[in-house]
1. Is it the case, given these coordinates, that Gly243 is without any contact (Cβ under 8 Å) to a residue 40 or more places away in the chain and either farther than 22 Å from Pro86 by Cα or among the hydroxyl-bearing types (Ser, Thr, Tyr) (or both)?
2. Determine which single condition Glu478 fails, assuming it passes every other condition in (1) out of contact with any Leu (no Cβ under 7 Å at 6 or more places or on another chain); (2) within 26 Å of Ile213 (Cα to Cα); (3) assigned to a strand (DSSP E or B); (4) open to solvent by 10 Å² or more (accessible area, probe 1.4 Å).
3. Just a yes or no: is a residue in region 394-410 more than 29 Å from Glu344 (Cβ to Cβ) and part of a strand (DSSP E or B)?
4. Quick one: which residue in Thr94, Thr41, Thr45 is hydroxyl-bearing (Ser, Thr, Tyr) and closer than 29 Å to Ile190 by Cβ?
5. Within region 415-426, take every residue that is modelled with pLDDT of 95 or more and more than 17 Å from Ile481 (Cα to Cα) and give me the one that is surrounded by the fewest Cβ atoms within 10 Å (Cβ to Cβ).
6. Glu191 is checked against (1) of a type in the set (Asp, Glu); (2) out of contact with any Gly (no Cβ under 8 Å at 6 or more places or on another chain); (3) modelled with pLDDT of 95 or more and fails just one. What number does that condition carry?
7. Is there a residue being without any contact (Cβ under 8 Å) to a residue 60 or more places away in the chain, in contact with a strand residue (DSSP E or B) (Cβ under 8 Å, 6 or more places away or on another chain) and among the aromatic types (Phe, Trp, Tyr) anywhere in region 185-201?
8. Got a number for residues in region 43-87 being open to solvent by 10 Å² or more (accessible area, probe 1.4 Å), not in a loop (DSSP other than H, G, I, E, B) and not aliphatic (A, V, I, L, M)?
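The values are calculated or read from the model by the stated rules, or taken from the named source; none is laboratory data. Quick caveat: nothing in here was measured; it's all calculated off a predicted structure. Note: ideal-geometry Cβ built from the backbone for every residue, glycine included; neighbour counts use all protein chains shown. Accessible surface is based on the protein model in full, side chains and every heavy atom, while ligands, DNA and RNA are left aside. Shrake-Rupley method; radii C 1.70, N 1.55, O 1.52, S 1.80 Å.
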Amino acid sequence: MSKIWNGDLGNGMYRNPVLYADYSDPDVCRAGEDYFMISSTFCNTPGMPLLHSKDLVNWKVVNYILKEVPTSRYDKPIHGCGVWAPSIRYHEGTFFVCFPMPDEGIYMTTAKDPFGDWSEPVNIRPGAGWIDPCPFWDEDGKAYLVAGVAKSRIGYKSVLHMVEMQPDGMGLIGEEVKIFDGNENDQVTIEGPKMYKRNGWYYIFAPAGGVKIGWQTVLRSREVFGPYEYKVVMRQGDSFVNGPHQGAWVDTVTGEDWFLHFQDVYGAGRIVHLQPMSWQNDWPVIGIAKNGNDYGEPVFEYKKPDVGEVSWEICEPETSDDFKGRKLGLQWQWNANPKEGWYEFGADGLKLNAVPCAETIAYGDVPNLLLQKWPAPEFYCVTRLDLSNLTDGDTAGVISMGMKYELLALKREGEDVCFSFVKGVQKYGKILAEQTEEEETVLERVKAADCKKVFVRYTVKCVGTQDLSEKEQGFPLEEAILEYSFDGQNFKEAGKMNAVPGRWVGVKNGVFCLRRGSAAGGFVTVENVEYSR
């Protein structure tokens, strides 16, 4: 496998980000010598990838927590809704994942073996409003849950609540207590709380200031329900890392402390950084303190964590796929809860069936888009398609999916295949994006007998910096280009556009097959997907 992006420099040092991919709202826990990371996935399924590492730098996706998003509401894409920022904890031999769905409630799922099946999620706090939950177990056996709130669902923001939790994690006890109000403490948009204990202090790590320009705040108290004092422990400073916050404190078996967090880079989404962490007067300092400051700034290159006598491999999440494994690779996610009959494996690759789809459904709202995250700041991906089994009315293709999206559509029309380039605007949540119809440009019609195999090249390259708003100044401006070829060598440009991320997610790219109406159709075979830089 060609390396797309890796933070391990191979000389005892690493560079940030350690993951240049949209693992949004990361949380991490340690179990012995193993580290496990999860992230939010909104309406994409399977939900919440579980990444594994031995050294905090090299990560691979090893499982998903959810096979599908709870409730049938997510049988269709509801962009921006679904699974928000989760947390993962290891307690007395059991892994707990607590995740919010801002319209449905707070859920808990568990596993003894994180690589196996996770339990059916239990809604431990039904109802809208609470987000970003984190469970915590104290030495006396009591358990607690700390959470933030979503203004869009509850009418206010920047407030953290605490409530006692059943020790088994499957329910809440007593009344919730407001423990911190960022509106009163210059910590507006405080959210994403993660709770820990050290030296008799209860700590709540919580980002504030907003995703694009915020910072990392830490609260501490001698009592679970407070009162809490607070301190900013990491800012962007002179670094290139805007909004460094929302993540996890984790230690090593050798006693070192580290912090993983995300950075929003617009098109690619929220990428993951690793920072050294130290302590001053029982307050953490994340990153490196400069010029006598009592807070840290993010590092670019640094020595790797000392994880003891542990062996690890230099690795990264999968991207390319030849579909020989007889099951979907862990890099793939659907645009909504999957259904039986969407795909199967054939002798030559992945058979995507032409799933019936209403005429009124825009491409961006098609459930059976098979997608994966951007893996690097610049890359290209070649997808080899066999169109031989498309029937009249079937459409297959390759899509670049964001708030604004583009795709190459290959539609069987009698004895021909019509090649079209389509641009559209995604709908999300309860709100519609700007009202724009999909625009389709017919490129050419080719005899089906002359285009049984088609190669589609998807290229992402940086062409400058964003100039959209004060908060987005300097973000990368990427251009996504779609081209096609009949021999894999000579490509024609289908179209291109400046990449725009989805609703709180980075741009994804992938494949699809559908037909308008309800009649049965054929299928396209995806023979190979190959990523390169």
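1. Values: without any contact (Cβ under 8 Å) to a residue 40 or more places away in the chain: yes; either farther than 22 Å from Pro86 by Cα or among the hydroxyl-bearing types (Ser, Thr, Tyr) (or both): no.
Taking the combined requirement at face value, the residue does not satisfy it.
2. Looking at each condition in turn, Glu478 falls short on (4).
3. Within region 394-410, one or more residues are more than 29 Å from Glu344 (Cβ to Cβ) and part of a strand (DSSP E or B).
4. It is Thr41.
5. Ranking the candidates gives Glu415 first.
6. (2)
7. Residues of region 185-201 without any contact (Cβ under 8 Å) to a residue 60 or more places away in the chain: 185-190, 200.
With the extra rule that they be in contact with a strand residue (DSSP E or B) (Cβ under 8 Å, 6 or more places away or on another chain), the set shrinks to 185, 187-190.
Those still in the list that are among the aromatic types (Phe, Trp, Tyr) too: none.
Within region 185-201 (the criterion being without any contact (Cβ under 8 Å) to a residue 60 or more places away in the chain, in contact with a strand residue (DSSP E or B) (Cβ under 8 Å, 6 or more places away or on another chain) and among the aromatic types (Phe, Trp, Tyr)), the answer is no, since none of the residues qualifies.
8. 7
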